[in-house]
Amino acid sequence: MIKYKSSSSGGKLFWFFQRLTGFLLLFILLFHFFLIHFCGTETHMVTFEDVKARLVSPYWKTLDITFLFLALFHGFYGLWMISDDYFRRPWVRIAIFGVLCTLGLILAIFGSLTIINFPSS
Amino acid sequence: MKKYIKFWRLRMLDYLRYRWRLGMAAHVFHRITGVALVLYLIIHLWITHYISTGPVPGQTFNHLMALFSGILSPEVCMCNCPICRINRFITPMVGPIFRYLEVILLGIILFHSLNGLRIILIDTGWGVKHHKVIFWILLVFGMCGFLFGAWQFLKPI
């Protein structure tokens, strides 16, 4: 027989944040997509100069870092929910949770360092 | 004694035996697109970090963007870095493949975000009775956005 798992208590805050970040990402992501692709100087290509003109400003930098953190939270918590449905044994769940947390943190630090340090090589 | 049914042996056969309804198909596809978007995000972050690397500022990034735009400009034909060599190799063979992939990405983004909106409407309780109608309305919006975006993307070709 399949081992039945009792539903865990709590998770309320994460449930709420998943919906909240999803809702915010709907607008920020579509805005980002159309801004990057359709508002540059050249119509068929994204150029370094367009990005540079935008990302030297600290306001765009904060928006991009916020966007990055929201997207990483929403995506990795979604992955955790999917693996929560499929994996039951405790050590597997702990391992997957650890991998998701580390990968999320690494990407968050990596991405925000790229944005913060922007014009220098 | 506890026995676990093997994961794959159960799932593969039973997919066909489910009674497929609209809400279930939407849920499954929402999960698939979600995973695909996370993978895309990882690849995107890796590509975008090239904006601040390389000896000449911005050169690697511009060459990568030329590879993704699928159009061979004169400086790409002259340059000898690995990215431009890949560009000269791939683009005459399969055309602007990355453009088509970006159009598909737009479709995936629109589906996941609009279905997510539908899930939020259901979660607030208001959308539970009408979730199918909401799905079709959002599908119409999504198709409009998708056709507009695809047209803008594929226009330069």
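The values are calculated or read from the model by the stated rules, or taken from the named source; none is laboratory data. Keep in mind it's a predicted model, so treat the numbers as computed, not measured. Cβ coordinates were reconstructed from backbone atoms using ideal geometry, including for glycine residues, and neighbour counts include every protein chain displayed. For accessibility, only protein heavy atoms count, side chains too; no ligands or nucleic acids. Shrake-Rupley method; radii C 1.70, N 1.55, O 1.52, S 1.80 Å.
State the number of residues belonging to the stretch A:27-75 that are in contact (Cβ under 8 Å) with a residue 60 or more places away in the chain and either open to solvent by less than 30 Å² (accessible area, probe 1.4 Å) or in contact with a Leu (Cβ under 7 Å, 6 or more places away or on another chain) (or both).
Final tally of qualifying residues: 1.
The set of residues from the stretch A:8-26 being in contact (Cβ under 8 Å) with a residue 24 or more places away in the chain and open to solvent by 90 Å² or more (accessible area, probe 1.4 Å) comprises just one member, A:PHE14.
Tell me whether the stretch B:113-134 contains one or more residues that are touching a His at 6+ places or on another chain (Cβ under 6 Å), open to solvent by less than 30 Å² (accessible area, probe 1.4 Å) and in contact (Cβ under 8 Å) with a residue 60 or more places away in the chain. Yes, the stretch B:113-134 contains a residue that is touching a His at 6+ places or on another chain (Cβ under 6 Å), open to solvent by less than 30 Å² (accessible area, probe 1.4 Å) and in contact (Cβ under 8 Å) with a residue 60 or more places away in the chain.
In the stretch B:28-81, how many residues are outside any helix (DSSP H, G or I), facing chain A (nearest Cβ under 9 Å) and of a type in the set (S, T, N, Q)? Summing the residues that are outside any helix (DSSP H, G or I), facing chain A (nearest Cβ under 9 Å) and of a type in the set (S, T, N, Q) in the stretch B:28-81 gives 2.
Looking across the stretch B:68-93, just one residue is among the aliphatic types (A, V, I, L, M) and open to solvent by less than 20 Å² (accessible area, probe 1.4 Å), and that is B:VAL76. Scanning for something outside any helix (DSSP H, G or I) and more than 9 Å from chain B (Cβ to nearest Cβ), does the stretch A:55-72 turn up at least one residue? Yes, there is a match, as at least one residue in the stretch A:55-72 is outside any helix (DSSP H, G or I) and more than 9 Å from chain B (Cβ to nearest Cβ). Only a single criterion out of (1) without any contact (Cβ under 8 Å) to a residue 12 or more places away in the chain; (2) open to solvent by 50 Å² or more (accessible area, probe 1.4 Å) is not satisfied by B:TYR50, namely (1). Based on what the data block shows, is B:ILE137 without any contact (Cβ under 8 Å) to a residue 60 or more places away in the chain, open to solvent by 30 Å² or more (accessible area, probe 1.4 Å), touching a His at 6+ places or on another chain (Cβ under 8 Å) and farther than 19 Å from A:MET45 by Cα? For B:ILE137, the condition - without any contact (Cβ under 8 Å) to a residue 60 or more places away in the chain, open to solvent by 30 Å² or more (accessible area, probe 1.4 Å), touching a His at 6+ places or on another chain (Cβ under 8 Å) and farther than 19 Å from A:MET45 by Cα - is not met. In the stretch A:76-89, the residue that is surrounded by the most Cβ atoms within 10 Å (Cβ to Cβ) out of those that are modelled with pLDDT under 90 and part of a helix (DSSP H, G or I) is A:ASP84.
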